[in-house]
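Please read the structure below before turning to the comments.
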Amino acid sequence: MEYDLAKDGWGLDPDDGFVGHVGGLWRRTFDGETTFAFVAQEMHTNRNGLVHGGMLMTFIDRAFGQTARLATGAVRSATVNLNHQFLAPVRIGDLVEITPQLVKATSRLVFMAGTACVAGDPVLTAQGVWRVTHTAD
């Protein structure tokens with residue numbers, strides 16, 4: 001299954017840190033909401049030939065963390081807590097998408113939730129808390 005994400009308005013958000021090792025993530029903003037995605041590749045598999053849960057958790061962690069920073073104008077964020085519930089397997093070639101939802105923001109904490117989907121079908125749901133920093137110090 002091939003995707004031409006750039007043609008559909010997505011931008012690749014590469015990373016020279018850990019997320020770069022899993023290929024980076026795609027991001028698109030429409031009507032004020034930012035959606036994140038990745039295309040499941042062979043490098044994301046577990047021993048069963050499906051996408052490893054760690055890849056899905058990394059995807060959620062990055063999408064929620066970026067959303068926490070974007071929504072609050074924070075310079076940095078750090079994961080305080082992140083819970084995942086796996087609902088269905090993800091197969092190689094699947095496009096996994098999530099539009100994180102900000103549940104509540106205080107001056108220091110941001111509460112997030114969301115459901116990752118493949119072709120509109122939920123594959124994972126998650127909730128988390130991020131500590132945000134508004135200065136570069």
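Only one of the numbered conditions (1) more than 28 Å from residue 76 (Cα to Cα); (2) part of a strand (DSSP E or B) is violated by residue 104, and that is (1).
Among all positions in segment 1-12, there is at least one residue which is under 20 Å from residue 123 (Cβ atoms), loosely packed, with under 15 Cβ neighbours inside 10 Å and hydroxyl-bearing (Ser, Thr, Tyr).
Of all residues in segment 32-49, count the ones that are of a type outside the set (Val, Ile, Thr), closer than 20 Å to residue 100 by Cα and buried (at least 16 other Cβ atoms within 10 Å of the Cβ).
Residues flagged as of a type outside the set (Val, Ile, Thr), closer than 20 Å to residue 100 by Cα and buried (at least 16 other Cβ atoms within 10 Å of the Cβ) within segment 32-49 amount to 4.
Among residues that are touching a residue at least 40 places away in the same chain (Cβ under 8 Å), surrounded by 15 or more Cβ atoms within 10 Å (Cβ to Cβ) and within 17 Å of residue 19 (Cβ to Cβ), residue 63 is included. Within the set 105, 74, 68, 78, the sole residue that is more than 29 Å from residue 50 (Cβ to Cβ), crowded, with 18+ Cβ neighbours inside 10 Å, of a type outside the set (D, E, K, R) and touching a residue at least 12 places away in the same chain (Cβ under 8 Å) turns out to be 74.
Surrounded by 17 or more Cβ atoms within 10 Å (Cβ to Cβ) and more than 16 Å from residue 65 (Cβ to Cβ): does that describe residue 19? Spelling it out, it is not the case that residue 19 is surrounded by 17 or more Cβ atoms within 10 Å (Cβ to Cβ) and more than 16 Å from residue 65 (Cβ to Cβ). Any residue that is under 24 Å from residue 113 (Cβ atoms), assigned to a loop (DSSP other than H, G, I, E, B), touching a Ser or Thr at 6+ places or on another chain (Cβ under 9 Å) and at pLDDT 90 or above - is there at least one of those in segment 24-47? No, segment 24-47 contains no residue that is under 24 Å from residue 113 (Cβ atoms), assigned to a loop (DSSP other than H, G, I, E, B), touching a Ser or Thr at 6+ places or on another chain (Cβ under 9 Å) and at pLDDT 90 or above.
In this structure, residue 29 does not satisfy being within 15 Å of the chain's Cα centre (by Cα) and either farther than 26 Å from residue 133 by Cβ or surrounded by 16 or more Cβ atoms within 10 Å (Cβ to Cβ) (or both).
A quick yes/no check of all residues on (1) farther than 28 Å from residue 3 by Cβ; (2) at pLDDT 95 or above; (3) of a type in the set (Phe, Trp, Tyr):
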| residue | (1), (2), (3) |
| --- | --- |
| 64 | no, yes, yes |
| 69 | no, no, no |
| 87 | no, yes, no |
| 97 | no, yes, no |
| 107 | yes, no, no |
| 110 | yes, yes, no |
| 113 | no, yes, no |
| 131 | yes, yes, no |
| 136 | yes, no, no |
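The values are calculated or read from the model by the stated rules, or taken from the named source; none is laboratory data. These numbers were taken from a predicted model, which means no experiment stands behind them. Counting neighbours? That spans all protein chains shown, and the Cβs are built from the backbone with ideal geometry, glycine included.
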